[in-house]
Amino acid sequence: MDALPSYLDQSEAVRARFARIRQREVILEVRGLHKRYQSAQGETEALRDINFKVRRREFVCVIGPSGCGKSTLIRILAGLESHSAGDVLLDDKPVSGPGRDRGMVFQGYSLFPWLTVKKNVMFGPEISGFSHDSAEREARLWLDVVGLSKFADAYPHELSGGMRQRVAIARALVNQPRILLMDEPFGALDAQTRAKMQTHLLEIWRNLDITILFITHDLDEAIYLADRVLVLKAHPGEVQEVIEVPVPRPRLPGQFSSPEFRATKDRLEALIHPAEEDGDLSPALAEDSALQQHMIRFTDVADNVE
Amino acid sequence: MSLGFPAAIAHLPESRQRALLAVGSFLLPILVWCMISYLPFLWHPKVMVEEPGGVGYFQAGMLIDHADFAEQARQMREQGLALPSGIPANPIYLPAPHLVAKAFYTGFTTPPQGRDGVWLHESLWHSIQIIFWGFVISSLFGVPLGILGGTYTVLGRLQEPFIEFFRYLPAPAFGALAVAVLGIYDGPKIAIIVIGTFFQQVLVIANTTRKLEITLIEAARTLGTRGARLITKVVLPGILPDLYRDQRILLGWAWTYLIVAELIGTSSGITWYITQQARYQHFENVYAAIIIIGIIGFGSDLLLARLGRRLFPWDRTQERK
Amino acid sequence: MTKSKTSSAMKRWLARALLPIAAAACSFAAQAAQPLKIGYSDWPGWVAWQVAIEKDWFKAAGVDVKFEWFDYSASMDAFAAGKIDAVTMTNGDALVTGSGGAKSVMLMLTDYSNGNDMIVAKPGIKSLAELKGKKVALEQGLVEHLLLLNGLKKAGLKESDVKLVNVKTNETPQTLTAADISAIGAWQPVSGEAMKAVPGSKPIYTSADEPGLIYDVLAANPASVKARRDEWIKVLKVWDKVVAYINDPKTQPDAVKIMAGKSGVSPAEYLPLLKGTKLLSLEEGKKVYVKGSGFDSLYGSTKTVNEFNVAAGVYKKAENVDAYLDPSFTNAK
């Protein structure tokens, strides 16, 4: 096996692309963000001094071990939770509370079950005062974008998981937000549907003027989708590294085995699942070792399956 | 359906199986009732006297314990007096099905006695109106308070401890007070239904509201919804099927308060009929009236359930209950 | 005679505590133009009024009366709350209701129980004297309790000579079937059911043995009595017609049919109940409504009940019996 290149090595085209991205205006800026809350065990620090910028039409993934606060981060950005210190700036203006300028797609099926697919998508425009007709026009347009025109009159419970998330994406996009926040949107889907949805999302992103911040715990997904990957570490949640993904665009499923892809994944693995350090067991690691070492055998010793 | 059906009906479509079992769930107890009533060797702990014979205190139609009857017969035989005769019978509180069926029929066909008397169906209609208004008034306040309490934590914590306390106070205890305040006619009766329903209603509906998936509200907020529109556009439609189901259950509770409610103030409604007939031990009429209440309650709930399926096509839990 | 039926302690307590306040709030002056409202319930002496209602005799007498049909205890609740002008009850219950604040004036006697209230003993026991040292089940504080004490006294016994078991009157038939219970106290039709439940059991002492132990009366709110005296006298005149109609063998079947219809039973079933009740015409009432200390006087009966109620703890302080009694309506020409 060939030695892998460094994940820091970028081809000429990739480097040029990042240079172009850096020329674009900043859509979202997070400055010195802290999140602390009181719990039974005393004060817990969920996020510590988070700083990053997302530029127009950039696709940024946030990844980290469980408990790193990635969900808290995106909920603060969406305005669903408060933060303790620091600033969240959208187009240089601080945000407070949820707003139409930030669309959100949740992991759970957050569609309104009492509304048809079309009415779900019309919800945003109607709330913001569009007439019924123009709201319906908008909804049809965006349903067409996600390829669900045929299901306009179906209820959410009649759709598959993947289709529901496409409706959720359409519902968020119809408001034409500055940034689309996605909180592990494909986490509950089976592998095959998830792969399709990833490709579909990239397709949408390529064709729209939309910036995406995407939370995931799936390393392959992060590398496949993102321009940059923001790696958080847990307890407290801090930015460990921001990685510029060296895999060239357009991204194709074949690239999963490319050297750049594997190098990046190795790096992410190292950051997220570090080799055991002396005495400093993270809860996740402690759990792993407990599973491996203390399994009791319930079958006859002679009855070996391996 | 955890264990499936016995082979006899397993080949039928599921809806047919369900219908068959539903019919069976009524037929079985009726069958048991018929057997106990019509098979003289089953139970029948009494003897109904036909001819008193020489026994002084026997009268035709009197119900006597088997042992007492045998003892008296033995004494008569020893004294050479006429023997009493009788047939096995059940106690007075278990009339046979055909007697109840007849009471059911005659209850509706007997014209009212006296000038201020009422037909049985008029009594029933009066009772239904009591329930209806009690439930409407309770819902008018209980539903909004429940939804608000379930939506806003502060409001919920403000109202619920008191309501939790109050719901333990037995509604019938307020009877005399209700008469003092609201007079002797329908006012105090409706008030008892309201008291019996309202407090449970607020708590149940607040709880239902709390169970609404928080993600739905958050999604609506990220789509630009604020303030009161969160309630009208998201909370209300979101809980509506469950709210409807809660209301159906609460309506059933309201019915259970009917009997105590109608004992207050002037005698009226189906309760008057039941208590009066029970006082004179006409248990076949009592059973008939109880069955009528059951039919009305169960029937209206079936209708409401069916209506619910039409009203909430998206709610899959309405289908299989 | 608590003809009916359930009187929970809670209800009584609430009625005592709350009703006088509500009653005080209701002014009778405002109701002057309204018909006289009379609450009545299921007891032969009171269902008798139904005859006058059906025959339109009040209209003929020129008095506007509205009868409201209640459960017995509910009728007293309504009276205590000031929602009706008068109610039919026993003289003892008039005192009990009054002890809670709702005073009344007994305008007239309707009847006395003439055998409907009874002590029923198991086969073999033939007199009250034989109950010595045995268990007797009845609802304490009610009329059967009084009946038993009255009978024991006559038999030369004291209350402590028997063991009282407190049960609801409605449950006495089942109670009599218990092995260690020798007798129960109940009124018709419950007492009849008790005799059916234990074949061979017999009444050993009934209200017929002490006529007038308890009288049934029409008692009215004192304010209404004062303000609408003439109308009440007209109501009483109608009563005479009712008693005559019921007692006349020619018209009795029609009267029984009306009364049975109101109670929801057949005339044949109703007749024995009527026989256990001695209806009092105004003339007969006059003879009872005279001062005296025996049971042949409403004064004497009411005084005895008053003492009994205090002794049984129904209320703590004796009522002023004279305030409840006013024979002038019965005696009015």
Of A:LEU143, A:LEU89, A:LEU47, which residue is part of a strand (DSSP E or B) and surrounded by 21 or more Cβ atoms within 10 Å (Cβ to Cβ)? A:LEU47
Evaluate the following for A:VAL242: is it more than 14 Å from chain B (Cβ to nearest Cβ), in contact (Cβ under 8 Å) with a residue 12 or more places away in the chain, surrounded by 20 or more Cβ atoms within 10 Å (Cβ to Cβ) and outside any helix (DSSP H, G or I)? no
Tell me yes or no: at least one residue of segment B:207-223 is closer than 30 Å to C:ALA260 by Cβ and either within 14 Å of another protein chain (Cβ to nearest Cβ) or of a type in the set (S, T, N, Q) (or both). no
Give me the residue from segment C:260-275 that is surrounded by fewer than 19 Cβ atoms within 10 Å (Cβ to Cβ) and more than 18 Å from the chain's Cα centre (by Cα) and, out of that set, nearest to the other protein chains (Cβ to nearest Cβ). C:GLU269
Extreme residue, farthest from B:SER138 (Cα to Cα), among residues of segment B:224-248 that are free of Cβ contacts under 8 Å to residues at least 12 places away in the same chain, facing chain A (nearest Cβ under 8 Å) and more than 32 Å from the chain's Cα centre (by Cα): B:GLY224
Check on A:PRO98, free of Cβ contacts under 8 Å to residues at least 40 places away in the same chain and within 20 Å of the chain's Cα centre (by Cα): yes
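Hey, among C:ALA74, C:ALA94, C:ALA60, which residue is closer than 28 Å to C:ALA194 by Cβ, more than 14 Å from every other protein chain (Cβ to nearest Cβ) and outside any strand (DSSP E or B)? Spell out the reasoning first.
Working: C:ALA74 fails: more than 14 Å from every other protein chain (Cβ to nearest Cβ); C:ALA60 fails: closer than 28 Å to C:ALA194 by Cβ.
Only one candidate qualifies: C:ALA94.
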Can you pull out every residue in segment A:146-159 that is buried (at least 19 other Cβ atoms within 10 Å of the Cβ) and either β-branched (Val, Ile, Thr) or within 12 Å of chain B (Cβ to nearest Cβ) (or both)? A:VAL146, A:TYR155, A:PRO156
Quick check on segment A:187-202. Is at least one of its residues under 25 Å from A:PHE52 (Cβ atoms), at pLDDT below 95 and within 14 Å of chain B (Cβ to nearest Cβ)? yes
Sort out which residues of segment C:191-202 are under 18 Å from C:LEU271 (Cβ atoms) and surrounded by fewer than 24 Cβ atoms within 10 Å (Cβ to Cβ), and write them in order of number. C:GLY192, C:GLU193, C:MET195, C:LYS196
Which numbered condition in (1) within 8 Å of another protein chain (Cβ to nearest Cβ); (2) in contact with a helix residue (DSSP H, G or I) (Cβ under 8 Å, 6 or more places away or on another chain) is the only one that B:LEU251 fails? (1)
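For segment B:64-152, which helices (runs of 4 or more DSSP H) that fit wholly inside it have 1 or more residues that are surrounded by fewer than 17 Cβ atoms within 10 Å (Cβ to Cβ) and among the aromatic types (Phe, Trp, Tyr)?
It comes to B:97-109, B:120-151.
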Reported set for segment A:160-173 where residues are in contact with a strand residue (DSSP E or B) (Cβ under 9 Å, 6 or more places away or on another chain) and more than 9 Å from chain B (Cβ to nearest Cβ) is A:GLN165, A:ILE169, A:LEU173
Which residue is farthest from the other protein chains (Cβ to nearest Cβ), if the candidates are limited to segment B:39-96 and must be under 21 Å from C:GLU193 (Cβ atoms) and without any contact (Cβ under 8 Å) to a residue 12 or more places away in the chain? B:ALA60
Among the residues of segment B:219-269 satisfying the criterion of being in contact with a Pro (Cβ under 7 Å, 6 or more places away or on another chain) and surrounded by fewer than 20 Cβ atoms within 10 Å (Cβ to Cβ), which is nearest to A:MET182 (Cα to Cα)? B:ARG221
Note on segment A:249-272: residues within 15 Å of A:GLU221 (Cα to Cα), assigned to a helix (DSSP H, G or I) and touching a residue at least 60 places away in the same chain (Cβ under 8 Å) are A:GLU260, A:ARG262, A:ALA263, A:THR264, A:ASP266, A:ARG267, A:LEU268, A:ILE272
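The values are calculated or read from the model by the stated rules, or taken from the named source; none is laboratory data. This one's a predicted model, so the numbers in the text were calculated from it and none came from an experiment. Cβ sites come from the backbone with ideal geometry, for glycine too, and all protein chains shown count toward neighbours.
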